[in-house]
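Only one structure is covered here, and it is reproduced in the block below.
Please treat every number below as a calculation from the coordinates, not as lab data. Just so you know, these numbers come straight off a predicted model, no measurement behind them. All Cβ positions, even for glycine, are placed from backbone atoms using ideal geometry, and neighbour counts span all protein chains on display.
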Amino acid sequence: MPVQREATMADRDKAGGRPAPKKLALENFSGDVFVLDDDLLARGSQAAAESPRLRIIYPVQRTQGDLVQRLLNFMQPGTYVMPHMHPMPHATESIILYRGAIQFYIFNDTGAVTHSFRLEAGRPNCMVDISPRVWHSFEVLEKDTVLIEFKKGPYDAQTDKVFAEWAPEEDSGETEAFLNRLRLRNTH
């Protein structure tokens with residue numbers, strides 16, 4: 001099994017002497033009842049479009065300590081989701097496409113794609129559920145894509161995910177070539 005990097009962008013930035021991490025999320029929701037509405041969809045999609053990463057998370061859970069983590073992930077085409085896995089035994093992740101489409105990839109321990117499939121909002125293929133320790137990533141295919149993610153909490157940035165050694169880091173300059181190789185694999 002390859003050596004694995006810790007998931008926190010802040011740790012990588014400190015170690016690499018890079019600037020402070022980019023904003024990853026909006027403030028957690030507060031209140032007793034959350035309702036997804038047109039205003040939040042517009043604000044989230046706009047925030048993602050304005051983010052250098054072309055994505056932003058809106059935590060629906062009230063705190064990072066909640067036992068069920070619920071997230072809206074607002075994403076634009078061109079964002080790069082570095083292949084990663086969730087190493088904790090309880091870290092099953094469910095993703096439901098609310099709006100848009102993604103190409104989802106599952107990898108083995110050396111980075112070979114073992115499965116690839118398209119997920120689309122409003123279609124039978126709108127959801128994926130991933131067991132712990134499964135390497136995965138995806139590419140956003142449509143503007144203003146919104147995912148709903150569920151994971152068991154509490155959230156701990158130090159243990160939530162491990163990034164793959166065999167994949168380029170964000171902002172490395174190698175991400176487009178990596179994505180092109182994944183796209184070519186889908187044409188065969």
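If you average the sequence gap of Cα pairs under 8 Å that are 6 or more apart and divide by the length of the chain, what percent do you get for the contact order?
27 percent
Read phi for every residue in the range 147-159 and hand back ³J(HN,Hα) as whole Hz from Karplus 6.51 cos²θ - 1.76 cosθ + 1.60, θ = phi - 60°, with x for Gly and Pro.
9, 10, 10, 10, 9, 5, x, x, 7, 9, 4, 6, 10
In nm², what is the average projected area of the convex hull enclosing the Cα atoms of the chain?
For the Cα atoms of the chain, the hull's average projected area reads 10.9 nm².
What whole number of Å gives the distance from the Cα centroid of the range 146-187 to the Cα centroid of the range 23-69?
Result: 19 Å between the Cα centres.
In terms of modelled amide H atoms, which long-range or inter-chain residues lie less than 5 Å from the amide H of Gly100?
Residues meeting the criterion, in which the H sits 1.01 Å from N, are Ala121, Val146.
Alpha carbons only, please: Rg and Dmax for the range 127-188, in angstrom.
Computed over the Cα atoms of the range 127-188, radius of gyration and Dmax are 14.2, 41 Å.
Count charges around Arg118 for me, please; just the other residues with Cβ under 15 Å from its Cβ, Lys/Arg as +1, Asp/Glu as -1.
Counting the neighbours of Arg118, the net charge comes to +1.
Any idea what the relative contact order of the range 93-188 is, in percent, if you count C-alpha pairs under 8 Å spaced at least 6 apart?
Contact order relative to length: 33 percent.
Convert each backbone phi in the range 94-104 into a coupling constant with the Karplus relation 6.51 cos²θ - 1.76 cosθ + 1.60 (shift: θ = phi - 60°), then list the ³J(HN,Hα) values in order as whole Hz, x for Gly and Pro.
10, 10, 10, 7, 8, 8, x, 8, 9, 9, 9
With a sphere of radius 10 Å drawn around the Cβ of His86, what net charge do the other residues whose Cβ falls strictly inside it have (Lys, Arg +1; Asp, Glu -1)?
+2
Lysines within cross-link reach of Lys161: Cα-Cα under 19 Å, excluding same-chain residues under 8 positions apart?
Answer for Lys161, where 19 Å is the Cα cut-off: Lys14, Lys22, Lys23, Lys151, Lys152, listed by chain and number.
If you build a Gaussian network model of the chain, linking Cα atoms that sit under 10 Å apart, which residue out of Leu26, Leu36, Leu72 swings the most?
Top of the fluctuation ranking is Leu36.
For Met82, which sequence-distant residues (separation of 5 or more, or a different chain) have an amide H within less than 5 Å of its own amide H, given hydrogens modelled in the peptide plane?
Answer set, sorted by chain and number: none.
222 nm [θ] for the chain, helices only, -39500 (n - 2.57) per DSSP H run of 4+, per residue, to 500?
It lands at -5500 deg cm²/dmol.
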